[in-house]
Ligand SMILES: CC(C)(COP(=O)(O)OP(=O)(O)OC[C@H]1O[C@@H](n2cnc3c(N)ncnc32)[C@H](O)[C@@H]1OP(=O)(O)O)[C@@H](O)C(=O)NCCC(=O)NCCS
């Protein structure tokens, strides 16, 4: 065997990172706003986040941490038995690593724990990373809101119904399994 051709199992495996997902607190907002302002033209203000966090019964905002760094966040609003995804964003340097997937799994589990049965959101037409993420969770387009994000920037309305069924539980477990080689997820309630 020539030098360098031996396979060392540890090297063929990617490092598994420990991510903690916890309720967002007002003390998280400086870090949240840095990600928010880099991610969106029409970023939410600190005041708006504070108002959202204060509505504890109808909202659930979650923050994802790698060590001491807040790297992603997202939140849902409950209306009847529907979870409306209000926002989701990953720090630019961490995108494409599976963190968005991990966070959306958490937000779906958070919605289920609150007894919600359906999930909906709006996304800008052409936001391919977000669309790829949402499709994977079974979200499908049902309509367009013209100019929702400003002139010429249409919003796509997406829904996935019956997330509280056995079929969807299987889908969610499969998505979680697909990122489990990259992330060890600790969910704090
Ligand atoms: C949308 C967002 C949250 C996704 O987070 P992420 O950590 O990059 O997502 P993941 O790494 O889990 O990848 C999710 C899917 O997007 C795909 N994806 C990631 N980056 C992509 C890119 N630049 N182009 C196309 N697809 C991409 C991945 O391949 C994956 O699809 P798959 O599951 O079919 O393989 C992140 O890109 C982001 O913060 N964007 C800015 C804010 C935003 O647009 N939020 C959504 C508002 S509706």
Worksheet item: Which one is farthest from residue 35 (Cα to Cα), of the residues in the range 68-91 that are in contact with a helix residue (DSSP H, G or I) (Cβ under 6 Å, 6 or more places away or on another chain) and within 10 Å of the ligand (Cβ to nearest atom)?
Response: 74
Practice prompt. May I ask you to list the residues in the range 154-169 that are more than 12 Å from the ligand (Cβ to nearest atom), in contact (Cβ under 8 Å) with a residue 12 or more places away in the chain and not in a helix (DSSP H, G or I)?
Written response: 154, 159, 160, 161, 162, 163, 164
Item to complete: Determine whether the range 35-55 contains at least one residue that is over 18 Å from residue 184 (Cβ atoms), more than 10 Å from the ligand (Cβ to nearest atom) and modelled with pLDDT under 95.
Response: yes
Discussion item. Quick check on residue 172: is it closer than 21 Å to residue 78 by Cα, touching a strand residue (DSSP E or B) at 6+ places or on another chain (Cβ under 8 Å) and either within 14 Å of the ligand (Cβ to nearest atom) or not in a strand (DSSP E or B) (or both)?
Written reply: no
Worksheet item: What residue, among those in the range 8-34 that are at pLDDT 95 or above and surrounded by fewer than 11 Cβ atoms within 10 Å (Cβ to Cβ), is farthest from the ligand (Cβ to nearest atom)?
Response: 27
Item to complete: Scan the range 100-129 for residues that are within 9 Å of the ligand (Cβ to nearest atom) and either farther than 19 Å from residue 21 by Cβ or part of a strand (DSSP E or B) (or both) and report the count.
Response: 7
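The values are calculated or read from the model by the stated rules, or taken from the named source; none is laboratory data. Everything numeric here is computed off the predicted structure, so don't read it as measured data. Backbone-built Cβ (ideal geometry, glycine too); neighbour counts: all protein chains shown.
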